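Beneath this line is the structure, given in structure tokens, with notes to follow.
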Amino acid sequence: MMGRNSALCAAGGDGDDDGAGASADDTDIIEELMEKYGPAGGQLSFGWFCGLVSGYALKRIGQKVAFGLGVVFLVAQGLAYSGFIDIKWNKVLCQPNPSPNPKPNPSPNPKPSPNPFPSTIPES
């Protein structure tokens, strides 16, 4: 059985290397990569930083907007529960969005369009 020192001697090591230093081959690889991709490094760093900052800002703004809308909804519900205001949810939910340019009706009695989602329950 070979010990640690005999394996290092066979490999040409002196046993003092603790693995913290970089060899000449490692340095050459790093220098080669820096020469090849160095100019793009600044651009990548700036893009990464801008993405990080904008993502953080949008997250915080989104949280504040969601919190504000939630507070408005809760206040409205509280006022409705107390009887100060009357919210007609059927009218709010069923009101169609007005079209900015309504088309004139070409015939006085238009045919109703067929239901694109037919019901499986028979109508009575």
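Numbers at a glance
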{"item": "Heavy atoms of PHE67: accessible area, 1.4 Å probe, square angstrom to 10", "result": "150"}
{"item": "Cut-off 14 Å between beta-carbons: net charge of the residues surrounding ALA76, Lys and Arg +1, Asp and Glu -1", "result": "0"}
{"item": "Whole-Hz ³J(HN,Hα) from phi, Karplus 6.51 cos²θ - 1.76 cosθ + 1.60, for region 62-76, glycine and proline x", "result": "x, 5, 5, 5, 5, 5, x, 5, x, 5, 4, 4, 5, 5, 4"}
{"item": "Shape category assigned to region 21-77 from the gyration tensor of Cα positions, a/c cut at 1.5", "result": "prolate"}
{"item": "15 Å beta-carbon shell around ALA66, net charge (K/R +1, D/E -1)", "result": "+3"}
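The values are calculated or read from the model by the stated rules, or taken from the named source; none is laboratory data. Model, not experiment: these values are computed from the prediction. Please note: Cβ atoms are built from the backbone with ideal geometry, for glycine as well, and neighbour counts cover all protein chains shown. Protein only, heavy atoms only, side chains kept; ligands, DNA and RNA dropped before computing areas. Shrake-Rupley method; radii C 1.70, N 1.55, O 1.52, S 1.80 Å.
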